[in-house]
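Please treat every number below as a calculation from the coordinates, not as lab data. The structure presented is a predicted model; accordingly, all values stated were derived computationally and were not measured.
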Amino acid sequence: MAGWTRFIDAILTSKYNKPFPVTLLPSAIGYWLGMKQGERQAQILNAVEAAATHQQAKLERITGAPK
């Protein structure tokens, strides 16, 4: 079994001969994290825009009130 382990280790640690999942897994994880961060930023931006719209309506209500 030690020979098999050395064979697998040689494949996984080879600079030029990496199996498909070993080479693309870090890239896939980074891409997924980037997508999630973009979704979160969009949610925050939408919340800020909604708050700004609410504040604008409140400001118009205050400025339009009789003195």
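What the table below lists for this structure:
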| quantity | calculated |
| --- | --- |
| Residue-span extension gain [I8 to A57] - 0.36 nm each, minus C-alpha spacing | 11.1 nm |
| Note, ³J(HN,Hα) from phi for segment 54-59, Karplus 6.51, -1.76, 1.60, rounded to Hz, x at Gly and Pro | 5, 5, 5, 5, 5, 5 |
| Three-way shape label, segment 21-67, alpha-carbon gyration tensor, a/c 1.5 | prolate |
